[in-house]
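Below is one structure, written out as structure tokens; the observations come after it.
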Amino acid sequence: MGFNPFRRWTTESGAGKADRDSRISAPEARVYYPKPNAELDAQWTALRNPGSGRKTPSREAQALLAQLPAGLLEQTARDFPHLIEKFAACWPSPISMRKVFDELTFETRVARQGFPLAVLTELTELRQRYENAPPR
């Protein structure tokens, strides 16, 4: 059996206890949680949900929703209004729309939650309709 530097530490009673206690009680080892701040929480929510601050969709977004079949993007418009704005801005350009669809449906970022099934279904149907539509 070879030399094991940890053998003595593990066999002595209370070995390492003083070291462990000093690490636990060291001030730099404590975790300090910030106090709740409603204003900062609201700012963070607005950053995470870019469309949440907009009360009404833009004219372009309203025009896009009007030309689509009724209810096609209902859940998406309710939960992710910023996507409707993005679709409206990119709608005339097939290359831009293809890029937007790919960004939304293929995971390119780590720790992404993904969309609820209803929204994903609407996005898939919208993509099929867009790609099968006559050229713009």
Checklist entry - Quick one: which helices (runs of 4 or more DSSP H) sit completely within the stretch 55-102 and have at least 1 residues that are touching a Ser or Thr at 6+ places or on another chain (Cβ under 7 Å)? => result 81-90
Next on the checklist: Among (1) on the phi > 0 side of the Ramachandran plot; (2) in a helix (DSSP H, G or I), there is one condition Gly114 misses while meeting the rest; what is its number?
Outcome noted: (2)
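Name every residue in the stretch 94-103 that is without any contact (Cβ under 8 Å) to a residue 40 or more places away in the chain and surrounded by fewer than 18 Cβ atoms within 10 Å (Cβ to Cβ), in order of residue number.
Those that are without any contact (Cβ under 8 Å) to a residue 40 or more places away in the chain and surrounded by fewer than 18 Cβ atoms within 10 Å (Cβ to Cβ): Ile95, Ser96, Arg98, Lys99, Asp102, Glu103.
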Item to check | Exclusive hit being within 19 Å of Ser58 (Cβ to Cβ) and either surrounded by 13 or more Cβ atoms within 10 Å (Cβ to Cβ) or not aromatic (Phe, Trp, Tyr) (or both), set Glu122, Glu85 | outcome: Glu85
Checklist outcome for this item: For the stretch 104-131 the number of residues that are aromatic (Phe, Trp, Tyr) and either more than 17 Å from Leu64 (Cβ to Cβ) or free of Cβ contacts under 8 Å to residues at least 12 places away in the same chain (or both) is 2
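Coordinate-derived values only; no laboratory data. Note that this is a predicted model, so its numbers are computed, not measured. Positions of Cβ are backbone-derived with ideal geometry, glycine not excepted, and every protein chain shown enters the neighbour counts.
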